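The next block holds one structure in the form of structure tokens; read it before the comments.
The values are calculated or read from the model by the stated rules, or taken from the named source; none is laboratory data. As the structure is a prediction and not an experimental result, all values here were calculated from the model. All Cβ positions, even for glycine, are placed from backbone atoms using ideal geometry, and neighbour counts span all protein chains on display. Ligands, DNA and RNA are stripped out before the accessible areas are found, and what is left, the full protein with its side chains, is counted by its heavy atoms. Shrake-Rupley method; radii C 1.70, N 1.55, O 1.52, S 1.80 Å.
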Amino acid sequence: MKSIIKHTFLSLIAVLFFSCNQKWGSSDLKQEYRKKIVMKTNYGTLILELYNETPLHRDNFIKHVNNNSYDSLLFHRVVNKFIIQGGAPESREAKPNELLGARDLPYVIEPEFNADLFHKKGALAAAESGGLDKTSHGMQFYIVQGKINSVSRLDRIQKYKNEDIAKAFFTNDTTKRVLIDSINYYESEENSDRYNKLMDSILNIAMGNKDFKTYSIPKAHKEVYKSIGGAPFLDQSYTVFGEVIEGLNVIDSIASVATNSDDRPLKDVRILSVKFIK
């Protein structure tokens, strides 16, 4: 009898230990089972990883990779020290200097903003569809090059983002209608002095409202932006759904090509193939 009880007790301990280990391991599943992709271009090869935290964008990208939808498309928009953008469906057979990127697939993806996912160098993100709801295009994406950010620049970006949040906070407030209209007017007139003063005013007003929530760049993100760089002003405005884990130098090579006034490379930067790594 004692032997049976001892055996049962030891079995229970083993089960509990195994269960605890399984539970502990599940917290690492997001990284352990991330899909990895090899993207070959005529400027080199990128290895990308897709985030499980953004399932809508992840699954949409997986669908396009399975269908070979990105093969032979162009990086049609390149801005040095900022981003390289590709995936425009019409870019496969595009003529030289043709304006690209205005068209996409006839559906959009709901935004999947995540405070832990940010626009560091190498971030893979979805191009916005252009609506006020921050939805993403069905195909177009961009990869961040960005630049090294100083502490003062990060502070300015944080302030600007909070001003925009304050403006949105009062958009439907009729008592602030005159102020909002003035801000929009001076922005359209490119009167930066008056615009900045009014944005300071609306931020100060918002800060006095108990329902207003300010935005702060997380400390860990700041360290990355100060070291490898990125585009922090894009955070929480566009969905980041993956990152380049090998080939950051290829981003630099593509970002440095000569472009026309529409940011399209003078010499085509082509995606040769996009495949899963098994």
Of the residues VAL38, PHE233, PRO265, the Cα lying farthest along the dipole of the chain towards its positive end, which is defined by charges on the beta carbon of Lys, Arg, Asp and Glu, belongs to VAL38
When the charge dipole of region 116-209 is computed with +1 on Lys and Arg Cβ and -1 on Asp and Glu Cβ about the Cα centre, the Cα farthest towards its positive end, among VAL178, ALA166, SER152, belongs to SER152
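Tell me the per residue accessible area of the chain using a 1.4 Å probe; a whole number in Å² is fine.
Numbers: 15580 Å² over 278 residues.
So the chain comes to 56 Å² accessible per residue, rounded to a whole number.
Would you work out what percent of the accessible area of the chain, with all protein chains in place, is carbon or sulfur (probe 1.4 Å)? Mind showing how you got there, number by number?
Numbers: 8510 of 15580 Å².
Carbon-and-sulfur percentage of accessible area, whole number: 55.
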Each label sits 7 Å from Cα toward the beta-carbon; between MET207 and GLU90 the label points are separated, in nm, by 4.6 nm
To the nearest 20 debye, region 115-174 has a Cα-centred charge dipole, built from +1 on Lys and Arg Cβ and -1 on Asp and Glu Cβ, of 380 debye
In degrees, nearest 10, the alpha-carbon axis of helix 192-207 is tilted away from the dominant principal axis of the alpha carbons of the chain by 40 degrees
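Please compute the contact order of the chain in relative form: average sequence separation of alpha-carbon pairs under 8 Å and at least six residues apart, divided by the residue count, as a percent.
Details: 473 pairs, mean separation 93.0, N = 278.
Computed over the chain, the figure is 33 percent.
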Computed over the chain: longest principal axis from alpha-carbon atoms vs helix 55-66 long axis, angle to nearest 10 degrees, is 90 degrees
Mean separation of Cα contacts under 8 Å (at least 6 apart) over the residue count of region 147-213, i.e. the relative contact order in percent, is 36 percent
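Diagonalise the Cα gyration tensor of region 94-174 and give the resulting equivalent ellipsoid semi-axes, square root of 5 times each eigenvalue, largest first, whole Å. The partial results should precede the final answer.
Working: eigenvalues 139, 85, 37 Å².
Calculated on Cα positions only, the semi-axes equal 26, 21, 14 Å.
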In vacuo Debye sum over C-alpha of region 152-232, base-10 log of normalised intensity I(q)/I(0) at q = 0.12, 0.17, 0.20, 0.23 Å⁻¹, listed in q order, is -0.41, -0.73, -0.90, -1.05
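With charges only on Cβ, +1 for K and R and -1 for D and E, what is the dipole size of the chain about its Cα centre, in debye, rounded to 20? Mind showing how you got there, number by number?
Numbers: 38 positive and 34 negative charges, 225 e Å.
The calculated dipole for the chain is roughly 1080 debye.
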Interchain or sequence-distant (5+) residues whose placed amide H lies within less than 5 Å of the amide H of ILE83 are GLN145, GLY146
With x for Gly and Pro, the residue-by-residue ³J(HN,Hα) of region 225-231, computed from phi through the Karplus equation 6.51 cos²θ - 1.76 cosθ + 1.60 at θ = phi - 60° and given in whole Hz, is 5, 7, 9, 8, x, x, 10
Per the 1/(1 + (r/R0)^6) rule, R0 = 41 Å and r from the Cβ atoms of ASP181 and GLU110, FRET efficiency to 0.05 is 0.85
In deg cm²/dmol, rounded to the nearest 500, the helical mean residue ellipticity at 222 nm of the chain, built from -39500 (n - 2.57) for every DSSP H run of length 4 or more, is -12000 deg cm²/dmol
Distribution output for region 52-96: share of Cα-Cα pairs per 5 Å bin in percent, first bin at 0, values 5, 19, 20, 21, 19, 12, 2, 1
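Please tell me which of these pairs span more than 31 angstrom C-alpha to C-alpha: LYS81/LYS161; LYS167/LYS222; LYS222/LYS275; LYS120/LYS267; LYS35/LYS120?
On the way: LYS81/LYS161 20 Å; LYS167/LYS222 25 Å; LYS222/LYS275 33 Å; LYS120/LYS267 27 Å; LYS35/LYS120 19 Å.
Among LYS81/LYS161; LYS167/LYS222; LYS222/LYS275; LYS120/LYS267; LYS35/LYS120, the Cα-Cα distance tops 31 Å for LYS222/LYS275.
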Treating only Lys and Arg (+1) and Asp and Glu (-1) as charged, each at its beta carbon, one finds that region 214-278 has a dipole about its Cα centre, in Debye to the nearest 20, of 160 debye
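Sum up the charges of everything whose Cβ sits under 13 Å from the Cβ of ASP133, counting Lys and Arg as +1 and Asp and Glu as -1, but leave ASP133 out.
Numbers: positive: LYS134; negative: GLU110, GLU112, GLU128.
Within the 13 Å Cβ shell, the charges total -2.
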Here the alpha-carbon Rg of region 110-264 over 2.2 N^0.38 Å rounds to 1.16
Shape descriptors of the chain over alpha-carbon atoms, Rg and Dmax in angstrom, are 23.4, 90
